[in-house]
Amino acid sequence: MTTQHEGIGRRWLFFIPVASIMYMLAFLDRTNLSFILPYIGQDLHLTNSTKGMASGIFFLGYLLLQVPAALMAERWSAKKTIFILMILWGLAAIWTGLVQSTTELMAARFVLGVFEGGVQPATLVLLIKWFPQREKARANGFWLLCIPISAILAAPLTGFLLEHFSWRTVLILEGFPPIIWAVVWYIMVADTPEKAWWMKPAERQYIVTQLALDEEKKQSTTGQDSARYRDVFRNPKVLTLIFAWFLYCAGFYGFTMWLPQVIANISQATPGIVGVLTAIPYLIGLVGMAVIAVRTDKHGLNKTSAALPLTIAAIALLIGQFFPSAVIQFIFLCIVAAGLYIHGAFFALPPLILRTDILALSLGLIGGIGNLGGFVGPYVVGWLIDLTGTPLAGFAIMAAALFVCGLALASVTPKASASDKPEVNVSGAVEAE
């Protein structure tokens, strides 16, 4: 039964919007380069493979703080960890607008990745303390709605700014918002519901009670009090999640980083119009992300929660390349976006199948190693465009990555609903029935 606190509690009205705007700004500074690269290329004489490298090198830096930030969030303070990272990534984003060479551009993007790399695992650790398991897909999905929203806003905004300012000025201007929002974050966010000044006692007690029940379900079927960290590296489900997230990031960032360039090529429009057109697939992706997250919470995680939308996205990504019509290609790009945002379902899975004492480290490893796919995807697409003169081969590889990712997630998802009692093995992972 849905309670009042489960449905419209204050954490949905205060915590989620503040966290969403924080991560929206992260994605703005992460992906705005995809809109700006054609103009940087003119000044720094970048090839398509170098553009892919400039986009993807972000994720080499992204790896470094994934595990440390997750552990800092768990053992020290997620709120303070993210506050510090917001200021540092804002400064790195501003530096990106000041670069004078390709080498400096690569260095700035790498450093930006370092400071943004700890944000997602730290926030996931924070969400675990704020939302029971039955709400996690919806909480993760609503928090991560900021990803398509960021693109929806950034595409026309960056396109408009590029028509009036240099690419350097645009990057500098878009580096200041996270530094400003860090103040709002520090005031509004707390590490636990007990420390939030705006929480009502009844809702606070509801969260504490439900989280205790979730943990009791996990521990009731195991005689082991705590898992050893080496169990994480030997756990086949953790390794499968890392592999799946790697493939997903390769397909997701390969698609999103090259989407403005593809739309510019098929439309031959001005930067402002390209920005507006680019926002349309993300708007459809926003709807798809909300539908996937709500459906997952309503019916429980199952083997089709992520696999079905990813399969649709993979098929549309591949088939769309065979139509000469720009309009039909654009329609298929929109279909891809509709099935691409499975973040809510994905990040509801680790808390379901992993015990709390190894969860932070597991999330760090999944994000850190898996996000290397974000380096591989954009670079391979750019390299193949240089090699073949067409995006077809690169898009085919991205489609395959998304399809296999769906299969991997289906293999690790328990048959039982999230509301059922799972069976846990001695290494801390829930086994499918």
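Listing for the model above:
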quantity: Nearest 10 degrees, 0 to 90: helix 119-128 Cα axis against the chain principal axis; calculated: 30 degrees
quantity: Calculated FRET efficiency for the pair Lys200/Leu407, C-beta based, R₀ 60 Å, to 0.05; calculated: 0.85
quantity: Rounded if a/c under 1.5, otherwise prolate or oblate - segment 347-394, Cα gyration tensor axes; calculated: prolate
quantity: C-alpha long axis of helix 392-412 to longest principal axis of the chain, angle in °; calculated: 0 degrees
quantity: Hull volume in cubic angstrom per residue (convex hull over the Cα atoms of segment 298-378); calculated: 100 Å³
quantity: Net length gained if the chain between Val184 and Asp43 were fully extended (0.36 nm per residue, minus Cα distance); calculated: 47.1 nm
quantity: Degrees, to the nearest 10: 201-219 long Cα axis against longest axis of the chain; calculated: 80 degrees
quantity: Overall dimensions of the chain as given by Cα atoms, namely Rg and Dmax in Å; calculated: 20.9, 65
quantity: Choice from Gly52, Gly389, Gly370 showing the highest fluctuation, given a GNM over the chain with Cα pairs closer than 10 Å; calculated: Gly389
quantity: Sequence-separation-based contact order of segment 1-142, relative, with Cα cut under 8 Å and 6+ spacing, percent; calculated: 31 percent
quantity: Part-to-part distance (alpha-carbon centres) for segment 323-402 and segment 28-69, which is given in Å; calculated: 16 Å
quantity: Accessible area of segment 51-154 divided out per residue, in Å², using a probe of 1.4 angstrom; calculated: 28 Å²
quantity: Per-residue [θ]222 nm for the chain (sum of -39500 (n - 2.57) over DSSP H runs n ≥ 4, rounded to 500); calculated: -24500 deg cm²/dmol
quantity: Fraction of accessible area attributable to carbon and sulfur, the chain (%, probe 1.4 Å); calculated: 70 percent
quantity: Distance violations [Cα-Cα > 19 Å] among Lys136/Lys298; Lys237/Lys298; Lys80/Lys237; Lys79/Lys237; Lys129/Lys298; Lys79/Lys129; calculated: Lys237/Lys298; Lys80/Lys237; Lys79/Lys237; Lys129/Lys298
quantity: Of Pro132, Pro324, Pro350, the one that fluctuates the most in a GNM where the chain has Cα springs shorter than 10 Å; calculated: Pro324
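The values are calculated or read from the model by the stated rules, or taken from the named source; none is laboratory data. Just so you know, these numbers come straight off a predicted model, no measurement behind them. Cβ coordinates were reconstructed from backbone atoms using ideal geometry, including for glycine residues, and neighbour counts include every protein chain displayed. For the accessible areas, the whole protein counts, side chains as well, though only heavy atoms, and no ligand, DNA or RNA atoms are used. Shrake-Rupley method; radii C 1.70, N 1.55, O 1.52, S 1.80 Å.
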